[in-house]
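Comments concern the structure below.
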Amino acid sequence: MIRRRSARGAAAACALALALGLAACGSGSGDGDTTSTTSANVVPELGPDQKVSIVFESYNLAQAGPWTDTFTALIDDFEKTHPNITVTAQKPQTSTLKGYGSAATASLQTQLATGNAPDVAQLTFGDLAYTVDALGARPLDDVVGRDAVQANFAGAHPFAATARTLGDVDGKTYGVPFVFSTPVLYYNADLFRQAGLDPENPPSTWAEFRTAALAIRERTGKDGSYIDCLTKVSGDWCYQALVASNGGSVISEDGTRLTFADAPAVAAVAMAQDLVNSGASPKLSQDQAYPAFARGEIGMIVESSSAQGVFLRGAAGAKPPWTLRAAVMPSFDDRPVVPTNSGAALFLFGQDPAKQRAAWELIEYLTSDAAYTQITSRIGYLPLRTGLLDDPNGLKTWAAENPLVKPNLDQLARLRPWVSFPGKDYVQIRTTMLEAVENVVYNGADPRRTLTEAQEQAAKLLPRS
Amino acid sequence: MTGTFVEVAAVPRPRAVVTARRPPLARRAARALPPYLFLLPAVGCLVVWTYRPLGAALNLSFFSWNLLPTTPKEYVGLANYQRLLDLPDLRNALWLTVAMTGALLLFTVVLPAIVALWTSAIGSRGRAVYSALIFAPVLVPPVAGAALWQWMLDPRSGAVDRVIGHPINWIHEVRPAQIAIVVITGWHLLGFAVLVVAAGLSGIDDEYRNAALLDRASRWQTTRWIVLPLLSPTLVFLGLMTILMSGQLTFPLIDTLTQGGPDSQTTNVYYLLWEYGFQNFDTGFAAAAGLLFFVGFGLVALALIRLSDRLTFHDS
């Protein structure tokens with residue numbers, strides 16, 4: 001009897017929390033304008049003695065080394081400065097780590113289905129539409145108010161303008177952009193020298209990239225190059241950059257028509273296929289390629305800067321050690337390079353107002369000057385508060401010693417958002433596209449025919465409007 | 001004294017109904033109950049863990065839903081099944097499952113039989129060491145084993161390519177990737193299968209062999225005409241296990257090493273199912289696929305059990 005009563009009590013508490021949560025988010029809905037939400041609607045501040053525990057899920061906790069070390073340290077710092085908030089930091093609940101982004105979304109999906117979701121989750125921009133439409137991420141503009149969200153983007157070192165709106169849907173901020181990179185061309189300066197190439201002049205076009213790769217292969221016996229954008233596992237963020245740099249896209253602006261079999265995309269994939277066929281790129285999977293580059297066995301790699309920490313450690317630990325350099329992504333002849341962003345934003349899923357407030361404080365901390373100083377210097381992600389690089393108390397000394405951040409930063413200024421496919425079958429659309437690309441590049445399938453077939457298959461999965 | 005017998009109508013005598021008194025229903029039930037009570041825990045578990053989910057899956061297969069409480073369940077009738085049967089991926093995956101299973105039989109039936117027959121001649125202490133060595137891979141967790149193999153199969157610095165002296169990317173080329181998955185699964189299973197065959201061998205009465213020796217049968221003749229027929233139930237059991245379990249056994253390897261690639265050429269039906277259900281959030285579709293496989297494998301199992309009754313030779 002006692003048990004039953006307490007269960008009913010819990011249900012009532014849940015209903016109350018739900019009602020409060022709904023009230024909080026229902027209030028500001030429907031307005032797309034920039035007028036501030038009144039402070040009455042937002043979740044209240046925590047009391048001085050109010051103890052709250054929240055759960056934070058991040059795929060950066062799924063890989064030992066610089067990722068986990070940095071994030072654990074950040075959470076410890078947060079708990080020290082916020083003694084009344086306890087954070088349980090967890091990695092996505094999937095058995096394997098293939099494709100961090102989709103694993104993170106699948107994990108959240110499973111936990112939501114059992115009614116036990118984390119309060120803050122780090123999900124990729126490629127899952128943005130699904131995160132908002134299906135997973136029901138709370139609009140931050142309603143939970144804490146648009147003013148608070150914008151104030152967090154400002155501060156002593158404001159967010160880069162191109163980064164601010166990456167987590168927006170229909171003019172509302174759902175996710176605070178957190179960690180991301182642009183596609184960076186990393187190269188091994190020692191292999192360049194051995195192959196008679198000038199490390200000061202990295203290739204700036206794909207044609208030069210191919211020539212350099214072949215030279216490295218011929219003169220050093222090592223592999224020439226690898227583009228980590230062309231497989232199911234790599235995800236589609238930098239594949240989108242590749243296509244956009246050739247003047248194409250993967251989906252039309254209004255999101256109703258797939259365009260990844262149009263001429264510019266086909267030409268971009270054919271270029272990559274030629275790299276493999278000519279021997280400029282080896283047939284490798286992502287798991288094989290980036291550790292091989294870190295060991296000094298590949299001359300160049302187009303990769304997210306999230307792997308920079310791994311490369312630096314590999315370069316220092318290799319025998320003999322080698323020097324890591326970075327450049328902007330090569331272009332298609334004289335067309336401009338259109339970089340996209342990888343990475344993820346922080347989304348709020350908690351329903352309880354106290355937890356929502358605590359979660360927002362965690363988001364604020366994780367996107368603060370102090371956090372970005374750690375994240376950039378220890379992992380290699382972009383400091384979205386770019387001013388930190390000129391601040392002597394921030395990353396100025398680090399930036400002087402680490403010119404590797406420069407190309408990434410240049411590309412941040414002319415960023416194009418990584419587009420997420422619409423509808424509930426978006427993962428399948430993406431997988432269909434990438435499997436076709438992988439099949440063309442690494443198995444020699446015909447570019448136009450394969451991509452067109454894949455596009456016809458995938459088009460059936462677009463939401464009918 | 002004469003007289004006549006007159007037929008007199010028999011006096012109807014009230015028949016005494018002496019029926020054994022049936023015990024009351026409650027007591028009869030109590031007496032019949034124990035066997036069912038003993039069965040209850042097992043049946044209960046089966047219902048909770050197998051039949052109820054099966055029913056739920058059947059229900060789910062008629063809907064388009066991603067399991068989220070916030071998303072409405074949309075009734076689609078047989079559309080999931082229709083889509084499934086139209087899918088070229090499915091045919092490819094089915095064919096690969098059959099081919100992989102066939103190749104695996106080499107490691108779970110043929111090789112273990114050979115190894116066990118050979119080692120049966122070794123002395124008991126040597127055999128213990130031998131069995132332990134062969135059994136060791138079974139104890140390696142599948143994902144850890146996969147990670148190990150990933151390093152060994154690396155095209156540049158991996159042990160395998162150094163030994164064969166030719167760089168093959170075992171994970172990223174179609175044929176080598178298929179071979180790698182089958183061989184690694186076989187490596188995992190070999191020890192277990194050898195153990196099972198050895199157990200089967202030790203169950204064969206030595207008198208048959210001795211009798212054959214007395215008749216001056218050669219070692220091969222004894223093996224062929226006495227040991228193998230008596231071993232056949234064990235071998236058929238191993239075959240059945242392989243066919244029904246190969247999908248699950250290869251799954252962790254496929255997921256860790258190839259993710260179904262290259263060009264979906266290592267995607268078996270289980271991996272396909274998992275991709276749809278848990279990566280693409282298409283639970284209704286995955287449920288339809290799961291049910292179809294359940295029925296399919298059920299029929300295969302039935303056929304195999306029938307076959308095993310006919311094929312095997314029991315020592316009575």
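The values are calculated or read from the model by the stated rules, or taken from the named source; none is laboratory data. Please read all numbers here as calculations on a predicted model, not as lab measurements. Using ideal geometry, Cβ is built from the backbone for each residue, glycine included, and neighbour counts are taken over all protein chains shown.
Kindly establish whether B:V160 is surrounded by 13 or more Cβ atoms within 10 Å (Cβ to Cβ), in a helix (DSSP H, G or I) and in contact (Cβ under 8 Å) with a residue 24 or more places away in the chain.
Judged against the criteria, B:V160 is not a match.
Consider only pairs whose beta carbons are under 8 Å apart and that are at least six residues apart or on different chains; among these, list those whose first residue lies in segment A:315-332 and is in contact (Cβ under 8 Å) with a residue 24 or more places away in the chain and outside the structural domain of A:Q194 (by TED's automatic domain parsing) and whose second residue is buried (at least 20 other Cβ atoms within 10 Å of the Cβ) and of a type in the set (A, V, I, L, M).
From residues that are in contact (Cβ under 8 Å) with a residue 24 or more places away in the chain and outside the structural domain of A:Q194 (by TED's automatic domain parsing), there are no pairs.
Quick check on segment B:232-269: of everything there that is without any contact (Cβ under 8 Å) to a residue 40 or more places away in the chain and either more than 12 Å from every other protein chain (Cβ to nearest Cβ) or of a type in the set (F, W, Y) (or both), which residue is farthest from B:G145 (Cα to Cα)?
Residue satisfying both the conditions and the ranking: B:T234.
Are any of the residues in segment A:57-69 assigned to a loop (DSSP other than H, G, I, E, B), within 14 Å of chain B (Cβ to nearest Cβ), surrounded by 23 or more Cβ atoms within 10 Å (Cβ to Cβ) and of a type in the set (A, V, I, L, M, F, W, C)?
Within segment A:57-69, not a single residue is assigned to a loop (DSSP other than H, G, I, E, B), within 14 Å of chain B (Cβ to nearest Cβ), surrounded by 23 or more Cβ atoms within 10 Å (Cβ to Cβ) and of a type in the set (A, V, I, L, M, F, W, C).
Considering only residues that are within 11 Å of chain A (Cβ to nearest Cβ) and not in a loop (DSSP other than H, G, I, E, B), look in segment B:163-179 and name the one that is modelled with the lowest pLDDT. Break it down into steps so the answer makes sense when it comes.
At the first step, the residues of segment B:163-179 found to be within 11 Å of chain A (Cβ to nearest Cβ) are B:167-174, B:176-177.
Retained after the next criterion (residues that are not in a loop (DSSP other than H, G, I, E, B)): B:174, B:176-177.
Values: B:V174: 84, B:P176: 88, B:A177: 89.
Only one residue fits best here, namely B:V174.
If B:A57 passes every condition in (1) in contact (Cβ under 8 Å) with a residue 60 or more places away in the chain; (2) under 30 Å from B:V183 (Cβ atoms); (3) away from chain A (no Cβ under 14 Å) but one, which one does it miss?
(2)
Residue check, A:Q351 against (1) in contact with a Gly (Cβ under 7 Å, 6 or more places away or on another chain); (2) closer than 28 Å to A:S245 by Cα; (3) in a loop (DSSP other than H, G, I, E, B), all met but one. Which one?
Checking A:Q351 against (1) in contact with a Gly (Cβ under 7 Å, 6 or more places away or on another chain); (2) closer than 28 Å to A:S245 by Cα; (3) in a loop (DSSP other than H, G, I, E, B), the one that fails is (2).
Here is a yes/no grid of residues against (1) without any contact (Cβ under 8 Å) to a residue 12 or more places away in the chain; (2) surrounded by 21 or more Cβ atoms within 10 Å (Cβ to Cβ):
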position	(1), (2)
A:L123	no, yes
A:T131	no, yes
A:P139	no, yes
A:L166	no, yes
A:N201	yes, no
A:R219	no, no
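Can you name the condition, by its number, that A:N408 falls short on among (1) surrounded by fewer than 22 Cβ atoms within 10 Å (Cβ to Cβ); (2) in contact (Cβ under 8 Å) with a residue 40 or more places away in the chain; (3) in a helix (DSSP H, G or I)?
(1)
So, in segment A:123-156, how many residues would count as being away from chain B (no Cβ under 12 Å) and in a helix (DSSP H, G or I)?
18
For segment A:436-465, give me the residue count where each residue is touching a residue at least 40 places away in the same chain (Cβ under 8 Å) and not in a helix (DSSP H, G or I).
Summing the residues that are touching a residue at least 40 places away in the same chain (Cβ under 8 Å) and not in a helix (DSSP H, G or I) in segment A:436-465 gives 4.
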